Amino acid sequence: MMTYAAATANPMRGAVDASLKRFARTDARFRYFTFGAACLVLLVFTGIIIALGNGAWLAIRTFGAGFLTSTVWNPVTEKFGALPAIYGTLITSALAMLVAVPVGIGIAIFLTELCPRPLRRPVGIAIELLAGIPSIIYGIWGLFVFAPFFQQTIQPWIIASVGDIPVLSSLLAGPPYGIGIFTASLILSIMILPFISAVTRDVFETVPPMLKEAAYGLGCTTWEVTKNVVLPYARSGVVGGGMLALGRALGETMAVTFVIGNAHRIAVSVFAPGTTISASIANEFTEALGDLYVSSLVAIGLILFVITFLVLAAAQLMLRGLEARAGGHSQ
Amino acid sequence: MNRALYMRRRRRNRFFLALCIAAAAFGIGWLALILGTLLVQGFAGLSPTLFTLMTPPPGSNGGLANAILGSVIMSALAVVVGTPIGIFAGTWLAEYGRHARFAVLVRFVNDILLSAPSILVGLFIYELFVLHMGHFSAIAGAAALAVLVIPVVVRTTENMLLLVPNTLREAAAALGTPRSFVIRTVTWRAARAGIVTGVLLAIARISGETAPLLFTALNNQFWNTDLNAPMASLPAVIFQFAMSPYEDWHRLAWAGALLITFAVLSMSILARIFEAKRMTQ
């Protein structure tokens, strides 16, 4: 009996040990594998920085800091400056935010407070789906539908009617091209609108109903509840969502490229054609001749990267704070 | 006095709520207008030859077959390459590095990549692939799209794995299951619907991307299955055709735009269905 047990136990134990070892090996391998994938994410990020820096090096060495402030963009004489593209990027995004933020928040308020209940879900889902529509769709709509319509009807009328007002007349001056900074900003605002509404609505829905009910119980009107309870509670989320949308607007290529006119100059009038960083790269990169031209385009790309990085990092810090707070509430 | 105050508050309430309704009507009106135009113009350009003929020179009859093929090939390659990396990285974040310092950094960088301008990804791949290979290629295009797939999949995978209750992991571990087996056979399976949602969202995201393809895959007027050569894609063809002065190219651009929108919307809707399935589980 004893010998039988000893004879069978030993090989069994050997098998168990072997499979334990095998498990430990697979475990370690799997862990390193997933860790490697996580490192790859970092690697891509640093790769983007290195690639952009490397490509931009020639332009940085040639033009120095003057690259940031020069308004010349002349491929023939190989003189390049980033200011018009930076200006166009910032002004189109700012104008787009000016329109999209209030309207987006208005839509969110409408969806959470005013919309008849049966409509809430379908309209909400429709807005979320619209947030995923590729930007090229907005671009061709702007080019084929909005720009000609605007050029023939509204724009001449605006230009004529502000003709005598001192500041407005120069802000809204110029021949009615249809395309230009204004049109690009408007298309951009329509594009980021669903995004802002979707984020804002999500944040509004995290407001505890008790807070709202307490305010209603004090006799507040719907607007007072929204302004004094919902908005302050949701502020950091709304700002964070807005910054995410701004990050999108700054780097948006296709919705802008179609309708901005691609002119490297800074005009006072918002009806004048201009350019943005991403539109310049999209329009000129494949046709750029000469190392310096290509390098200058990569250099403005690097500038865009820095700007969007700052905006997106700020957005994340705000949304992180919100997440931490929401987590604190639920515990 | 009190009555005046009451009336004033009521008026103000009405005014601002009307403003909100106006904002909603304004915003939704624009979006409806764009979709409406897209449907009308796109359907006008739809025909069976769209799927059988190549992109034509201006003035002759043609379709978008090579562009559709290119989009499908490059998106499929990007998903095949990007999805495993994304799932593994998301798994590490949720299972191993949940509280690690390094994970905070990876999460931060991933979220930046998630909304970083896609044209910069194009520039990155241009410097990395195109410059070294000396020519534009479908491989470079697929690589650019894969870079866009990864952060989407990482984010959803991590989120979905975090939703899996710890008791499941503990129960499996109590049976003596090694950790990697727990992850593969228990947590991944529990989060499967969510992970599929992430992949679908990633496909929806890349199928409309134009900017990163412009100087990686470039474009190609002909039927091409060679991954080492420039390849057409729907968005790039739409860009080229819409910017041209030719009426028949515009028609094809609208039809292509409708196809893309249809693809993206059906992916997002499918993702929602999977999401709903996850909720009921």
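The values are calculated or read from the model by the stated rules, or taken from the named source; none is laboratory data. Here the structure is a predicted model, which is why all the values come from computation and not from measurement. All Cβ positions, glycine included, derive from the backbone under ideal geometry; neighbour counts span all protein chains shown. Side chains included, ligands, DNA and RNA excluded: accessible areas come from the protein's heavy atoms. Shrake-Rupley method; radii C 1.70, N 1.55, O 1.52, S 1.80 Å.
A few notes on this one:
- When the residues of the stretch B:251-273 are filtered to those that are out of contact with any Leu (no Cβ under 7 Å at 6 or more places or on another chain) and crowded, with 20+ Cβ neighbours inside 10 Å, the one that is farthest from the other protein chains (Cβ to nearest Cβ) is B:263.
- Considering A:212, A:227, the condition of being free of Cβ contacts under 8 Å to residues at least 12 places away in the same chain and among the charged types (D, E, K, R) is satisfied by A:227 alone.
- Scope the stretch A:219-264; condition farther than 16 Å from residue A:207 by Cα, open to solvent by 10 Å² or more (accessible area, probe 1.4 Å) and hydroxyl-bearing (Ser, Thr, Tyr); matching residues: A:221
- Residues satisfying the stated conditions in the stretch B:52-75, i.e. open to solvent by less than 70 Å² (accessible area, probe 1.4 Å) and among the hydrophobic types (A, V, I, L, M, F, W, C): B:53, B:54, B:64, B:65, B:67, B:68, B:69, B:73, B:74
- The stretch B:183-196, residues that are open to solvent by 10 Å² or more (accessible area, probe 1.4 Å) and in contact with a Lys or Arg (Cβ under 7 Å, 6 or more places away or on another chain): B:186
- The set of residues in the stretch B:143-155 being open to solvent by 10 Å² or more (accessible area, probe 1.4 Å) and more than 7 Å from chain A (Cβ to nearest Cβ) consists of B:143, B:152, B:155.
- Test for residue A:282: is it within 11 Å of chain B (Cβ to nearest Cβ), within 21 Å of residue A:298 (Cβ to Cβ) and either surrounded by 18 or more Cβ atoms within 10 Å (Cβ to Cβ) or of a type outside the set (D, E, K, R) (or both): yes
- Yes/no for residue B:78 being under 26 Å from residue A:42 (Cα atoms), facing another protein chain (nearest Cβ under 7 Å) and either within 18 Å of the chain's Cα centre (by Cα) or crowded, with 24+ Cβ neighbours inside 10 Å (or both): no
- For residue A:121, the conditions (1) modelled with pLDDT of 90 or more; (2) out of contact with any helix residue (DSSP H, G or I) (no Cβ under 8 Å at 6 or more places or on another chain) are fulfilled apart from (1).
- Condition met for residue B:67 (of a type outside the set (Val, Ile, Thr), under 17 Å from residue A:41 (Cα atoms) and either within 14 Å of chain A (Cβ to nearest Cβ) or assigned to a helix (DSSP H, G or I) (or both)): no
- Every pair of residues 6+ apart whose Cβ atoms lie under 9 Å, when the first sits in the stretch A:19-31 and is at the interface with another protein chain (Cβ under 8 Å from one of its Cβ atoms) while the second is surrounded by fewer than 16 Cβ atoms within 10 Å (Cβ to Cβ) and at pLDDT 90 or above: A:30/B:184
- Assessment of the stretch B:175-185 against the conditions (out of contact with any helix residue (DSSP H, G or I) (no Cβ under 8 Å at 6 or more places or on another chain), assigned to a loop (DSSP other than H, G, I, E, B) and modelled with pLDDT of 90 or more) yields at least one matching residue.
- Test: residue in the stretch B:101-116 that is under 21 Å from the mean Cα position of the chain (by Cα) and more than 7 Å from chain A (Cβ to nearest Cβ): yes
- Sole exception among (1) of a type in the set (Val, Ile, Thr); (2) in contact with a helix residue (DSSP H, G or I) (Cβ under 6 Å, 6 or more places away or on another chain); (3) more than 12 Å from every other protein chain (Cβ to nearest Cβ) for residue A:109, by number: (3)
- Of all residues in the stretch B:241-250 being under 18 Å from residue B:47 (Cβ atoms) and in contact with a Gly (Cβ under 8 Å, 6 or more places away or on another chain), the one that is least open to solvent (accessible area, probe 1.4 Å): B:241
- Residues in the stretch A:257-300 that are within 30 Å of residue A:150 (Cα to Cα), out of contact with any His (no Cβ under 8 Å at 6 or more places or on another chain) and assigned to a helix (DSSP H, G or I): A:257, A:258, A:259, A:260, A:277, A:278, A:279, A:281, A:282, A:283, A:284, A:285.
- Selected residue [touching a Phe, Trp or Tyr at 6+ places or on another chain (Cβ under 8 Å) and open to solvent by 10 Å² or more (accessible area, probe 1.4 Å)] from B:175, B:214, B:168: B:214
- Elements of the type helices (runs of 4 or more DSSP H) sitting completely within the stretch A:155-249 and holding at least 2 residues that are touching a helix residue (DSSP H, G or I) at 6+ places or on another chain (Cβ under 8 Å) and more than 14 Å from every other protein chain (Cβ to nearest Cβ): these cover A:181-205, A:209-217.
- Residue identified as surrounded by fewer than 20 Cβ atoms within 10 Å (Cβ to Cβ), part of a helix (DSSP H, G or I) and in contact (Cβ under 8 Å) with a residue 12 or more places away in the chain among B:83, B:37, B:91, B:49: B:49
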